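Rule-based calculations on the coordinates, nothing more; no lab input. The model shown is predicted, which means the values in this text are computed figures rather than measured ones. When we count neighbours, we look across all protein chains shown, and the Cβ atoms used for this are built from the backbone with ideal geometry, even at glycine.
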Amino acid sequence: MKHPLDLTRRQFLGSMTTGLTGVALSRLTAAGSSLQPHFAPKAKQVLQIFCPGAASHIDLWDHKPMLEKFHGTPMPGAGTEVTFQGKNGNLMKSPWAFAPAGQNGKMISSLLPHMARHVDDIAFIHSMTSRTNTHGPGCIYMNSCFTREGFPSAGSWVSYALGSANENLPTYISIQDLRGEPPNGKANWSNGFLPAQFQAVSMAAQQPLRNLARPDSISDPTEQATRAFLGSINAEHATAHPGNDELRARMAAYELAAKMQLTAPEVSDLSREPAHVHALYGTDDPNKLKAAYAKNCLLARRFLEQGVRYVSLYCASRASAVDGLLNWDAHKTLKADYERHCPIFDQPTAALLTDLKQRGMLNDVLVVWCTEFGRMPTHQEGTSGRDHNPDAFTTWMMGAGVKGGISHGATDDFGRRAAVDVATAYDFYATLLHLLGLDHEKLTYYHNGANRRLTDVHGHVIQPILA
């Protein structure tokens, strides 16, 4: 066989059709098109909103009147309980009042007046638990159901199972906060042991995809001919090296990049949105962090509108030398930290939900909100903040297939531990996959001698929150 570059003009033109067919076939394979839903799906797309830093359930979503009643007294049965950063002091009520919201009177923190308007569409899960009290492993656990790196994220599993709904855009996009990546960074949207094409494309409104534009020195016919030639030799090389997932992923990435040159700049151009939409989200807010997050929320809606299968949207980033500065990790100064974070989160997130609902997109889009674990009902000794609490926290779902206006599970009187219908990340993602028409026990990938699952060997669908 001749070297792929040792071709006459006639041979090159003759092999173009075969080469492009091979690239197209690899693209179809990469999209996971051989897999089908196990049953009729209620949802077709997922929007995951993630607040890294362990957002406090008892200060946002999980009202605890007993904390107010026994504020300043020792927590019963706690003794000298030691958690992540040391000893705990007495019980500490939330610094903010809770107020009833919606037709069901759900008690929500006054820090979230915009989000309070959506409680009738949300199914809260108040009994979540984690397997770790450390941020990096906790974030990975809430994205992949494993505390160690190297396992596929939920978005990668969904991409593998359902493929693309728009071949001109990535199947899975991770939108990063202006403040940086979450704890453990790219491991949160990794493909793990799945083929490389199922990892997320990371981007943000403030950092559009780079190198999409064709240099002015290269004409369109030249680029088209180069692309066809590259497709030909790639396909021939792939045929000679069957089973090389990395190569096929690279081929699919090049093809997708070519398509994105036309599509992605248009989708990510927020100037196409009318002024009233920008005002709804708060993209021109004088708070630069809020404005940046608002733009990311608007970008998420635009990608979902174009059929992107799974969008992860982060509000805050990794921990900093100052607790609670860059994310929700309020060890020392809870009040000051959350009065900084909640205004950034509240209006833009609520606007995104409003926008999706007004456009009828919640018929197809499942929205989920996550954080890695909760906070203690006590204050850390010597501070006015709360320590990590993996034994109780809140997540929620809304949109396609979800019964709104309900609260599932419960923590104890002080929010220290999940007490009723205890839930895990395995249950959370078993439910998410179920809504996408996928049986979490049947969605597997053979790796290192085992049929691996997103939910490992655990998980039950949380039936009461299903519509």
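Numbers below:
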{"quantity": "Charge dipole magnitude, Cβ of K and R +1, D and E -1 - the stretch 312-446, Cα centre, debye nearest 20", "calculated": "280"}
{"quantity": "Which of Val201, Val368 has the fewest Cβ neighbours within 10 Å, and the rest in rising order", "calculated": "Val201, Val368"}
{"quantity": "Charge-dipole axis of the chain as Lys and Arg at +1 and Asp and Glu at -1 on Cβ define it, positive-most pick from Ser320, Leu362, Tyr426", "calculated": "Leu362"}
{"quantity": "Coarse-grained scattering of the stretch 318-385 at q = 0.22, 0.23, 0.27 Å⁻¹, given as base-10 log I(q)/I(0) from a Debye sum over alpha-carbon atoms", "calculated": "-0.96, -1.01, -1.20"}
{"quantity": "Simple spin-label estimate for Lys403 and Asn448 in nanometres, 7 Å along Cα-Cβ", "calculated": "3.9"}
{"quantity": "Cα principal axis extents for the stretch 72-229, largest first, Å", "calculated": "75, 38, 31"}
{"quantity": "Kirkwood-based Rg to Rh ratio, the stretch 22-465, C-alpha trace", "calculated": "0.99"}
{"quantity": "Loop trypsin sites (Lys or Arg not before Pro), the stretch 275-364, which have at most 15 other Cβ atoms in a 10 Å radius of their Cβ (DSSP)", "calculated": "Arg359"}
{"quantity": "Amide proton proximity set for Ser174, modelled H, under 5 Å, gap of 5+", "calculated": "Val201, Ser202, Met203, Ser312"}
{"quantity": "Relative contact order %, the chain, counting alpha carbon pairs below 8 Å whose residues are six or more apart", "calculated": "29"}
{"quantity": "Extension gain, Gln358 back to His276 (0.36 nm per residue minus Cα-Cα distance, nm)", "calculated": "28.2 nm"}
{"quantity": "Long-range HN-HN contacts of Met107 with modeled amide H, under 5 Å", "calculated": "Ala101"}
{"quantity": "In sequence order, calculated HN-Hα J values of the stretch 372-379 (Karplus, 6.51, -1.76, 1.60; Hz; x Gly/Pro)", "calculated": "7, 6, x, 10, 6, x, 9, 9"}
{"quantity": "Members of Lys42/Lys288; Lys44/Lys295; Lys290/Lys332; Lys357/Lys442; Lys64/Lys295; Lys44/Lys442 lying beyond 29 Å, as alpha-carbon distances in this model show", "calculated": "Lys42/Lys288; Lys357/Lys442; Lys64/Lys295"}
{"quantity": "Cross-link partners of Lys335 among aspartates and glutamates (Cα-Cα below 19 Å; sequence separation of 8 or more within a chain)", "calculated": "Asp59, Asp62, Glu68, Asp323, Asp346, Glu381, Asp387"}
{"quantity": "Farthest positive-ward along the chain dipole, Cα basis, beta-carbon charges - from Ser109, Ala392, Ile462", "calculated": "Ile462"}
{"quantity": "Chain lengthening between Gln206 and Met66 when straightened (0.36 nm per residue, less Cα-Cα)", "calculated": "46.1 nm"}
{"quantity": "Potential extension, Ala99-Glu381 segment - 0.36 nm per residue separation minus Cα distance", "calculated": "98.6 nm"}
{"quantity": "Sorted by Cβ density within 10 Å, fewest first, the residues Asp216, Asp285, Asp439", "calculated": "Asp216, Asp439, Asp285"}
{"quantity": "Phi-based couplings in Hz for the stretch 183-193 (Karplus 6.51, -1.76, 1.60; Gly and Pro marked x)", "calculated": "x, 6, x, 5, 4, 6, 10, 6, 7, x, 8"}
{"quantity": "5 angstrom amide H check on Met128, placed H, neighbours 5+ away", "calculated": "Phe393, Thr395, Ala423"}
{"quantity": "Using alpha-carbon coordinates, inclination of helix 288-305 to the longest axis of the chain, degrees", "calculated": "50"}
{"quantity": "Phi-based couplings in Hz for the stretch 360-369 (Karplus 6.51, -1.76, 1.60; Gly and Pro marked x)", "calculated": "x, 6, 6, 5, 10, 9, 9, 9, 10, 10"}
{"quantity": "Residue exposure sequence - Leu194, Leu162 - by fewest surrounding Cβ within 10 Å", "calculated": "Leu194, Leu162"}
{"quantity": "Positive-pole candidate from Gly307, Ala97, Pro377, dipole of the chain, charges at beta carbon", "calculated": "Gly307"}
